[in-house]
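The values are calculated or read from the model by the stated rules, or taken from the named source; none is laboratory data. Just so it is clear, the structure is predicted and the values come from calculations on it, not from any experiment. Counting neighbours? That spans all protein chains shown, and the Cβs are built from the backbone with ideal geometry, glycine included. Heads up: the accessible areas ignore ligands, DNA and RNA and are worked out on the full protein's heavy atoms, side chains in. Shrake-Rupley method; radii C 1.70, N 1.55, O 1.52, S 1.80 Å.
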Amino acid sequence: MDPDIREMLEVLQSETASFPRRVELGLLTYLDREDERALREAWPRIPVEKRRRLITALVEMAEDDATLTFEDVFLVAVGDSDAQVRVAALQGLWDYMEEDFIPTLVDMMKSDPSVAVRAEAAASLSRFANAGELGDLNPDATEYVRRALVAVWNSPDEDVEVRRRALESLSFLSVDEVPEMIRAAYSDTDERMNASAVYAMGQTLDEAWAPYVLRELKNPRPEMRYEAAHAAGELRLTDALPMLLDLAHDADAEVRIAAITSLGLIGGERALQALLELARSADEVTREAALDALEIAMFEVDPLSPLAAELEEVLSAASGIGVDELFEGWDEDEDEADDEDADDEDEDEDDWGRDRWN
């Protein structure tokens, strides 16, 4: 066992020792079997406040640095006795795509005593629903996820927070039940359900929802404007551009970010000109959101156009990477992705899950 990790576990178990520094917590990434086993044994003896602080810190570190992965720690923490720790652990496992984890999420969604945990588990199933829709998940596993989410949606005694997250996850799947569920949520008396309905509209990628999304862009409630702005980008609604341009200056920061991001997704000269202006904003939140949106939109820009030169200037000033460099290799990346897809198709289909998911 790594002596540094042994020492850290001893510190974490102590009621009086100071909490480890971030650089020390970095040792918890990529644990070997012996270290992972030691962590499991020590975990129940770590005071709950330290467990909460530890998981929160690791989630933040993983968000800040994509090279860090604390999956071994999060997988231990999902079984914690404390609901706050379980929620944070699920958030830390947002990119974890092992099919073996699906039954755990389904069980937590259905049976966990905490509403917050059940809702987080329902939201976590969205990535598996999305993978199933894209054909990247065992079909039987996809059907298992669908049935579980539908069952929760159809549970009248379940908390609205859990049901709305189940709807949001279901919206990634092209299944017959979803449109009626969205309509029911949109007409619900609970405003939280209304917001989830608009989110789900965007995830369906069905422009039939465009009139509803356009209407909600003017909603007085920030949450609804936020979801509508997000959905407008997902649906690539060019008719939403005038309202999104207004929402890019909304009083609510989250609404501004959603609107700016959608401008990047929709693209076009008008959106790009607005984003270039926003990228020079004195407001840091607005500026960073605009730069991120420009990186999304840039691949639709003709490298020889006048806009490309201005785009290069702005992105270069922000990151030191020019548009020409970013464009270079774009076709190569697509070719590599096509080759990987072809390789995947050539592999034999994994049928181990048929009995498991039925």
Fill in: The listed residue being assigned to a helix (DSSP H, G or I), in contact (Cβ under 8 Å) with a residue 24 or more places away in the chain and within 19 Å of Asn130 (Cβ to Cβ), out of Leu245, Leu167
Leu167
Worksheet item: Are any residues in the range 68-97 of a type in the set (S, T, N, Q) and at pLDDT 95 or above, and if so, which ones?
Response: Ser81, Gln84, Gln91
Discussion item. Return the residues of the range 1-27 that are in contact with a helix residue (DSSP H, G or I) (Cβ under 6 Å, 6 or more places away or on another chain), more than 18 Å from Met61 (Cβ to Cβ) and modelled with pLDDT of 90 or more; say none if nothing qualifies.
Written reply: Gln13
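So that you can scan it fast, the table gives a plain yes or no per residue for (1) open to solvent by less than 50 Å² (accessible area, probe 1.4 Å); (2) modelled with pLDDT under 95; (3) among the hydroxyl-bearing types (Ser, Thr, Tyr); (4) within 30 Å of Glu310 (Cα to Cα):
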| site | (1), (2), (3), (4) |
| --- | --- |
| Leu214 | yes, no, no, no |
| Leu217 | yes, no, no, yes |
| Ala231 | yes, no, no, yes |
| Ala240 | yes, no, no, yes |
| Gln273 | no, yes, no, yes |
| Glu284 | no, yes, no, yes |
Worksheet item: Taking the range 170-201 only, how many residues are of a type in the set (Asp, Glu), in a loop (DSSP other than H, G, I, E, B) and under 22 Å from Glu133 (Cα atoms)?
Response: 1
Item to complete: Residue by residue through the range 237-259, note down the ones that are within 20 Å of Ala279 (Cβ to Cβ) and hydrophobic (A, V, I, L, M, F, W, C).
Response: Leu241, Leu244, Leu245, Leu247, Ala248, Ala253, Val255, Ile257, Ala258, Ala259
Item to complete: Output the number of residues of the range 115-137 satisfying the condition of being outside any helix (DSSP H, G or I) and either crowded, with 24+ Cβ neighbours inside 10 Å or aromatic (Phe, Trp, Tyr) (or both).
Response: 1
Worksheet item: So which pairs qualify, if the first residue must be in the range 10-36 and free of Cβ contacts under 8 Å to residues at least 12 places away in the same chain, the second must be open to solvent by less than 30 Å² (accessible area, probe 1.4 Å) and part of a loop (DSSP other than H, G, I, E, B), the Cβ gap must be under 9 Å, and the two must be at least 6 apart or on different chains?
Response: Val11/Pro20; Ser14/Pro47
Item to complete: Test Arg221 against the stated conditions and say whether it is open to solvent by 40 Å² or more (accessible area, probe 1.4 Å) and under 17 Å from the mean Cα position of the chain (by Cα).
Response: no
Discussion item. Among (1) closer than 24 Å to Val314 by Cα; (2) in a helix (DSSP H, G or I); (3) in contact with a helix residue (DSSP H, G or I) (Cβ under 8 Å, 6 or more places away or on another chain), there is one condition Tyr212 misses while meeting the rest; what is its number?
Written reply: (1)
